[in-house]
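Notes to accompany the following structure.
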Amino acid sequence: MKTDPFNDDELRLPGASGRRDFLRQLAWAAAGVVVGGGIRLGAEAGGRDEEVALKIGVVGGGRMGSALGKLWVKAGHSVLFTSRTPAKLAEMVYDLGPRATAGVPSDAAELCEVIFLALPYTAIPEVARAMAPQLRGKLILDASNPTLRQKVALLEQEGIAGVAKATARAFPDAHYVRGFNAVDASAVTESAAGKTRRLGVPLAGESGPALEIAKRRVWAPGCEPVVTGDLLTSEPFEVGGEAYRINVGAAQLRQVLAEAT
Ligand SMILES: NC(=O)c1ccc[n+]([C@@H]2O[C@H](COP(=O)([O-])OP(=O)(O)OC[C@H]3O[C@@H](n4cnc5c(N)ncnc54)[C@H](OP(=O)(O)O)[C@@H]3O)[C@@H](O)[C@H]2O)c1
């Protein structure tokens, strides 16, 4: 039996509104209805028992974006990969089959309920502005990292003690969750393929429905989410932190995080 998102009160996203209401989209998705002329969802999920297929926009279909996006396609979600030149992604989406499509970032904002960001950090303000009109109530899962130098400048400029909290300001209408920034794309792929110990992946966000959806519904197969807490708790797994890109199992990751705080 399929999970009904409407019966899961803790997964309600409070900011979603109007015709693009997040939960309505999830329900449509479960029913296999085409939303806004977009991607058909649900029917392709192949009758999986426990999960509802989502429409995930992978903004930045480079190394990290394509690694995660491919896993989400395999897991039954519909994935729209983006590039400033979507034709570059044509071969990849063709190989992935009908659940994969390509577009520009604003397409992902318009058509998807979850947006995964894997961009050069300097591209975020521009991409956030382009997507802003369509982001209300949606989940942003962000893996984009500043360099150490950019981090110092950002924190000075924003007057905030954490990269995640400062970056979230670019997405005021969305639910911002930090995740997958602190693991290598190759480590995620190998873990998903069962070639290594199950990878622990740190995750931070304000507690609530968006964090739960990130943790339970968007999660990459073969990885284990390790939630540190609210956005300010991401610092140990931000660039320069003890848990940044160490690519270890969940138990070891928890230990490193505990020692770092
Ligand atoms: N690679 C990893 O293992 C890994 C792991 C954890 C986190 N990350 C983080 O993920 C981010 C991406 O890394 P990557 O290795 O995947 O880089 P990448 O292979 O160079 O991919 C970058 C992607 O960003 C897109 N992009 C660049 N500038 C853009 C702009 N102004 N507007 C819209 N899209 C733009 C590129 O698309 P087009 O150029 O085609 O438009 C491309 O799809 C970085 O912040 C990195 O720190 C990477």
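The values are calculated or read from the model by the stated rules, or taken from the named source; none is laboratory data. As the structure is a prediction and not an experimental result, all values here were calculated from the model. Glycine also receives a Cβ, built like all others from the backbone with ideal geometry; neighbour counts cover every protein chain displayed.
Looking across the stretch 95-154, the residues that are among the charged types (D, E, K, R), in contact with a Leu (Cβ under 7 Å, 6 or more places away or on another chain) and touching a residue at least 40 places away in the same chain (Cβ under 8 Å) come down to Asp107, Glu113. Limited to the stretch 89-122, what total is found for residues that are at positive phi and basic (Lys, Arg)? Residues that pass the stated criteria total 0.
Scanning the stretch 164-195 for residues that are of a type in the set (Val, Ile, Thr) and assigned to a loop (DSSP other than H, G, I, E, B) yields one hit, Val183.
Annotation: Phe180 fulfils all but one of (1) without any contact (Cβ under 8 Å) to a residue 60 or more places away in the chain; (2) touching a strand residue (DSSP E or B) at 6+ places or on another chain (Cβ under 7 Å); the unmet one is (1). Checking each residue in the stretch 76-112 for being assigned to a helix (DSSP H, G or I), away from the ligand (no atom under 14 Å from the Cβ) and hydroxyl-bearing (Ser, Thr, Tyr) picks out only Tyr94. Per the listing Arg178, Arg217, the residue uniquely surrounded by 15 or more Cβ atoms within 10 Å (Cβ to Cβ), within 16 Å of the ligand (Cβ to nearest atom) and either acidic (Asp, Glu) or closer than 16 Å to Ile140 by Cα (or both) is Arg178. Against the test of being more than 9 Å from the ligand (Cβ to nearest atom), in contact (Cβ under 8 Å) with a residue 60 or more places away in the chain and surrounded by fewer than 21 Cβ atoms within 10 Å (Cβ to Cβ), the options Ala166, Ala193, Ala161 yield a single qualifying residue, Ala161. Kindly indicate whether Gly38 is within 16 Å of the ligand (Cβ to nearest atom), in contact with a strand residue (DSSP E or B) (Cβ under 8 Å, 6 or more places away or on another chain) and either modelled with pLDDT of 50 or more or under 20 Å from Arg136 (Cβ atoms) (or both). Against the criterion (within 16 Å of the ligand (Cβ to nearest atom), in contact with a strand residue (DSSP E or B) (Cβ under 8 Å, 6 or more places away or on another chain) and either modelled with pLDDT of 50 or more or under 20 Å from Arg136 (Cβ atoms) (or both)), Gly38 does not qualify. Restricting to the stretch 202-261, name every residue that is of a type in the set (Gly, Ala, Ser), modelled with pLDDT under 95 and in contact with a Ser or Thr (Cβ under 9 Å, 6 or more places away or on another chain). Of everything in the stretch 202-261, those that are of a type in the set (Gly, Ala, Ser), modelled with pLDDT under 95 and in contact with a Ser or Thr (Cβ under 9 Å, 6 or more places away or on another chain) turn out to be Ala220, Gly222. For the stretch 113-134, the set of residues classified as over 23 Å from Ala182 (Cα atoms), in contact with a strand residue (DSSP E or B) (Cβ under 8 Å, 6 or more places away or on another chain) and either assigned to a strand (DSSP E or B) or within 15 Å of the ligand (Cβ to nearest atom) (or both) consists of Met131 only. Contact map, the stretch 232-261: first residue touching a residue at least 40 places away in the same chain (Cβ under 8 Å), second residue part of a helix (DSSP H, G or I) and aromatic (Phe, Trp, Tyr), Cβ cut-off under 7 Å, separation 6 or more or different chains; pairs are Ala243/Phe237; Tyr244/Phe237.
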